Amino acid sequence: MSQRPIYLDHHATTPMDERVLEAMIPYFTQHFGNPSSTTHIYGWESEAAVRKARNTLADAVNCSPEEIIFTSGATEANNLAIKGIAEAYFDKGQHIITVQTEHRAVLEPCHYLEKLGFEITLLSVQRNGLIDFDELEKAIRPDTILISVMAANNEIGVIQPLAEIGQICHDHQILFHSDAAQAIGKIPLDVQTMNLDVVSLTAHKIYGPKGIGALYIRRRNPRVRLAAQLHGGGQERGIRSGTLGTPQIVGFAKAVELGLGEIESEGKRQSRLRDYLWHRLNQLGGIHLNGHPTQRLPGNLNISVEKVDGSALLLGLQPTVAVSSGSACSSVKTTPSHVLMALGCQKSLAYSSLRFGLGRFTTTQDIEQVSELTISTIKSLRRATIQL
């Protein structure tokens, strides 16, 4: 069997941690009941597991368990947050503020609402990927009902100052939503100190199962109202109907528990490996770092390479390295990354970008091998360009 590529695409998804799988297995086989079945032990077992998981997620973001709603993932959570608030607060206003560099799971629901008559303001970002507070303040109107800002960007890893943004939202009595799919278990999240009202989460970015996510919805100061987007059996307080996937929920909670337990040590380890990779690649010259140099996820390195074809660069790294040029959700598109273009990146550089996503199982040996191959591939492509 041939050796599999070194996996450096952890922003797209992560391998499930074996400890997570171990926690899930009993709920596929032995404790398989529907948590809504209240008349027998099979239902009670599953309901207890869901309750325990809900407590774990609540502790992770400093909220009450009743404020956690389970969804199929961050995309559904984002849609529920944005569309649900738009519908519930329609009588108050039809203006929403978000950022040009958001994930499509935020931008597309906003574009949909535009077709229904809502007005959407897309904030620009500075060259380092951070928003400008003055621009945010100026964008706020009397009819603004929601501000949505991603916690950590899925392409460039930039971490937005949520506490400061949350204070602005709180001062203006505007609801604050954050897509924290890339942040949970990697950086501290506290909905109280950050004045967050609604937060989208997912499991598969932190070594948990795919197909499960959650939405934090504040219940007091203020109590956030959401219009349900799925209707059925009334699960999750009627906000998100559908039979709960107990194994996935158990796995989600276990992944969060493990992530928080290792958040400091693993953050330092990944930062060290990332910085070493950047140091090696930057020695080539003509390499541009995309996003803030330090205010970014520990495992993220996004670069643009001068004088090479982006497709040829990716092809040259295969099959040794599994890496991407941007969001996995946009990889089939031929247009340059909307995130890099928002940074002011030249189109040619946006096309020749690489997103290295380091993870829990990335080793020093992996980074040594990847740096050597990337350097040799870039040199080879540049020589070929000169000869042409």
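The values are calculated or read from the model by the stated rules, or taken from the named source; none is laboratory data. Since we're looking at a predicted model, the values are computed, not measured. Here Cβ is always computed from backbone atoms with ideal geometry, including for glycine, and neighbour counts include all displayed protein chains.
Table for the structure above
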| item | result |
| --- | --- |
| The stretch 69-119, subset among the acidic types (Asp, Glu) and part of a loop (DSSP other than H, G, I, E, B), residue surrounded by the most Cβ atoms within 10 Å (Cβ to Cβ) | Glu102 |
| The listed residue being farther than 19 Å from Ala48 by Cβ and either buried (at least 18 other Cβ atoms within 10 Å of the Cβ) or among the small types (Gly, Ala, Ser) (or both), out of Arg219, Arg240, Arg225 | Arg240 |
| Residue that is farthest from Ala203 (Cα to Cα), among those in the stretch 28-45 that are in contact (Cβ under 8 Å) with a residue 12 or more places away in the chain and not in a loop (DSSP other than H, G, I, E, B) | Glu45 |
| Close pairs (6 angstrom Cβ cut-off, 6 or more residues apart or separate chains): farther than 14 Å from Ile249 by Cβ and in the same structural domain as Ala151 (by TED's automatic domain parsing) in the stretch 46-66, at pLDDT 95 or above and not in a helix (DSSP H, G or I) anywhere | Val61/Leu189; Val61/Val191; Val61/Tyr216; Asn62/Asp190; Asn62/Val191; Asn62/Gln192; Cys63/Val191; Cys63/Tyr216 |
| Qualifying residue in the stretch 234-253 (condition: in a helix (DSSP H, G or I) and within 30 Å of Val305 (Cα to Cα)) | no |
| Test: residue in the stretch 143-154 that is surrounded by fewer than 18 Cβ atoms within 10 Å (Cβ to Cβ), assigned by TED's automatic domain parsing to the domain that holds Arg225, assigned to a strand (DSSP E or B) and in contact (Cβ under 8 Å) with a residue 12 or more places away in the chain | no |
| When residues of the stretch 1-27 are limited to those that are touching a Gly at 6+ places or on another chain (Cβ under 9 Å) and in a loop (DSSP other than H, G, I, E, B), the one surrounded by the most Cβ atoms within 10 Å (Cβ to Cβ) | His11 |
| Thr294 hydroxyl-bearing (Ser, Thr, Tyr), part of a loop (DSSP other than H, G, I, E, B) and within 25 Å of Ile131 (Cα to Cα) | yes |
| Top-ranked residue of the stretch 258-280 - restricted to ones that are out of contact with any Leu (no Cβ under 7 Å at 6 or more places or on another chain) and among the polar types (S, T, N, Q), ranked as surrounded by the most Cβ atoms within 10 Å (Cβ to Cβ) | Ser271 |
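Per-residue answers, yes or no, for (1) without any contact (Cβ under 8 Å) to a residue 40 or more places away in the chain; (2) aliphatic (A, V, I, L, M); (3) within 18 Å of Ser325 (Cβ to Cβ); (4) not in a helix (DSSP H, G or I):
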residue	(1), (2), (3), (4)
Ser348	yes, no, yes, no
Phe356	no, no, yes, yes
Phe361	no, no, no, yes
Gln365	yes, no, no, no
Gln369	no, no, no, no
Leu373	no, yes, yes, no
Thr377	no, no, yes, no
Arg383	yes, no, no, no
Ile386	yes, yes, no, no
